[in-house]
Amino acid sequence: MTSKRFILIAIASCAWIASSFAATIPTGTTLVVRTVDTISSHDKVGRTFTARLDQDVAVNGKAVLRAGTKVLGRIETSRGNRRVSNPLTVNLTGVSVNGRTAPIKTVSGFQPEPKSVTARQAAAGISVGSYVVPPGTKMEFRLAQPVSL
């Protein structure tokens, strides 16, 4: 009887410890990241890139993701297809937590600001040619759905 009780207590303790580390980040939470990889307006749609959280993400006052946490992203639209000239748009797709990647989905995507060549183009909102988003560029995203860690 004592060994059964010990096993039950051990299982309950493990479950309690595991639940204390679990967290859900709610929809609408802002994730601020800095790129690790260079991203070009001519990269192909679907290409992935790496970024790192620029600030902690907290839920109920407790940091559940620390600044520096690895985040993965994907190019959603670009000028990589010569037939269509879409603006560069990127979204986040995953966050690395304890050696595994938790899938995430962000809203609307982030569109880096391209440089306009002339004042007239700038006034019309037109950018010309390719542009590059260098490593260390700060980007903000909002979660489209909750993330369970």
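Every read-out reported here was derived from the displayed coordinates using simple, explicitly stated rules and does not represent laboratory data. Given the structure is predicted, the values throughout are model-derived calculations rather than measurements. Quick reminder, even Gly has a Cβ in these numbers, built from the backbone with ideal geometry, and neighbours come from all protein chains shown.
A few remarks follow.
- Compactness of segment 26-108, taken as the C-alpha radius of gyration over 2.2 N^0.38 Å, stands at 1.19.
- Label-point gap, in nm, between Ser148 and Asp37 - each point 7 angstrom along Cα→Cβ: 2.8 nm
- Spacing of the modelled spin labels on Ser96 and Gln55, each 7 Å from Cα toward Cβ, amounts to 2.4 nm.
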